[in-house]
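Structure record follows, encoded as C-alpha cells.
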Amino acid sequence: MNTLHNPNPVESSEISDAKYTVLVPCIPQSSHTPRPLTWRFILFCAAFIAYVIGFIVIENHYGKGGPTAAVIMVVAAGWLFGFVPGMCAGLLSFFLNWIIYSHFGMAWESTLLGGGGVAGTIALTFIGATLGRMRDLSRRLSAELNERMRTERELRASKDQLEKLIETSLDPIVITDAAYAVIKPNRAFLDMIG
C-alpha cells in the first residue's frame, strides 16, 4: 500500500482506498477568537462611570452641558457591542441624564426638554448606531477574510496532495488538455513509454 505523508502531522484525516492511503491535512475552522464578553462589559462599565463623573463635573463647573458626557457611554456601547446596543445606549441617554439630574436635585426640564436634550438624544442615537454598524461590518469582514484564507490554504493543500498522489502512483497517469496534448505525465507513465 502506498502512503502519502501529511506535511502537517499535527492533525490529519485519513482517506483509504484499496491501493492507497492519503493523509489530508485538517485546517482548524478559524484562528480568530473574539474578546470575551467580560472584558467588553468591564470596559463599558468604566465608560459608564466616566460618563456619570463627566456629567457631574461639567454640570457643576459650567452650570449646563452635563448631558454631553453621555457620548462616552454611547461610543463605548456601539464600539464594544455593535449596532443595536449602540442605538439603545443613545436612546437611553435621555433617561439616564434625567435620572442624574433628578438624583442630584438639578433642574432638568429646561435642559432636557427645551435645550438640546431631544436633539442631543437623536444625535447620540445616530452616533451609537453608526459606530455599532461599523463594528459589525468590521467583524463580518474579518470573518470573511479569515474564511477565505482558510479555504485557500485547504485548496492549496488539496492540490499539493493530488499532485503528490499522481506523481507517486505506481499506475501510469497522464494529464491532458481538451485537445489531448500531454500536460503532465507521472513517473510511472514515463517509465512505461520509455
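The values are calculated or read from the model by the stated rules, or taken from the named source; none is laboratory data. No experiment lies behind these values; they were computed from the predicted model shown. Cβ placement follows ideal geometry from the backbone for every residue including glycine, while neighbour counts extend to all protein chains displayed. Areas reflect the complete protein model, heavy atoms only, side chains present, ligands, DNA and RNA absent. Shrake-Rupley method; radii C 1.70, N 1.55, O 1.52, S 1.80 Å.
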Describe numerically, in nm with one decimal, the distance between label points set 7 Å from Cα along Cα→Cβ at Ala181 and at Glu144.
3.8
Please work out the Cα convex hull volume for the stretch 36-194 and give it in Å³ per residue.
157
For the stretch 45-131, what value does the Rg/Rh ratio take when both radii are computed over Cα atoms and Rh is the Kirkwood radius, given to two decimals?
0.96
Ellipsoid semi-axes in whole angstrom, largest first, where each is sqrt(5λ) of the Cα gyration tensor of the stretch 95-147
37, 12, 4
Can you pull the percent of the stretch 79-143's accessible area that's carbon plus sulfur, 1.4 Å probe, other chains left in place?
76
For the stretch 128-175, what D do you get in µm² per second when you plug the Kirkwood radius from alpha-carbon pairs into Stokes-Einstein at 10 °C and 1.306 mPa s?
115
Using the heavy atoms of the protein chains and a 1.4 angstrom probe, tell me the accessible area per residue for the stretch 128-194 in square angstrom.
72
Label point distance in nm, Phe104-Arg153, each placed 7 Å from Cα along Cα→Cβ
5.2
